[in-house]
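The values are calculated or read from the model by the stated rules, or taken from the named source; none is laboratory data. Keep in mind it's a predicted model, so treat the numbers as computed, not measured. Note that we place each Cβ from the backbone using ideal geometry, even for glycine, and neighbour counts take in every protein chain shown.
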Amino acid sequence: MDSIPANLLSLIAFAIVMLVAMLLLALKNRFARQIEELQHKLTHQELQLIELQALLSQCQAQLESHQADCQESQLENEQVSKQLEHRIKVTQEQLNSQIQTIEQQLHQQPEDKLYTRAQKLVELGADIAEVMRECDIPKAEAEMLLAIHRQKAPK
């Protein structure tokens, strides 16, 4: 066994080299398939990324549009609110004024009410007898109201 013919050694070496070459070729093919699959996955993920970026852009545009609409609505609401506050203030002032007028009329002396009514009757053209009868005032006072009214009346 010490002397193995050179041809046999060459043949064994050739077989080993061929076996290593076939293993390397198999590994190369396997790695090539894996690289191809990875490239396909990468391409697919790049397409998904592009779609997601487009979707993100659309969402951002919609968000900006909604924000602009909200700001516009908020400004309108603030203006309406200010107008309503002003109207409420004016209405409260008018109400307070009317309440004061009513209170003044309620606290007015009964005689003042009679004279106010007598003055209105004179303005409407009532004569002295009617003023005296309706307002229960003396003749001299009814005559005085009639004279004052004639002085004020335009000529």
TODO: Could you tell me whether the stretch 8-23 includes any residue that is free of Cβ contacts under 8 Å to residues at least 12 places away in the same chain and either of a type in the set (Lys, Arg) or outside any helix (DSSP H, G or I) (or both)?
DONE: no
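Do we have residue 118 as over 23 Å from residue 101 (Cα atoms), modelled with pLDDT under 85 and under 60 Å from the mean Cα position of the chain (by Cα) here?
No, not satisfied.
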Open item on the list: So, in the stretch 121-155, exactly how many residues are assigned to a helix (DSSP H, G or I) and at pLDDT below 80?
Closed with: 1
Open item on the list: Being among the β-branched types (Val, Ile, Thr) and exposed (fewer than 10 other Cβ atoms within 10 Å of the Cβ) is the filter here; which residues of the stretch 1-31 pass it?
Closed with: 4
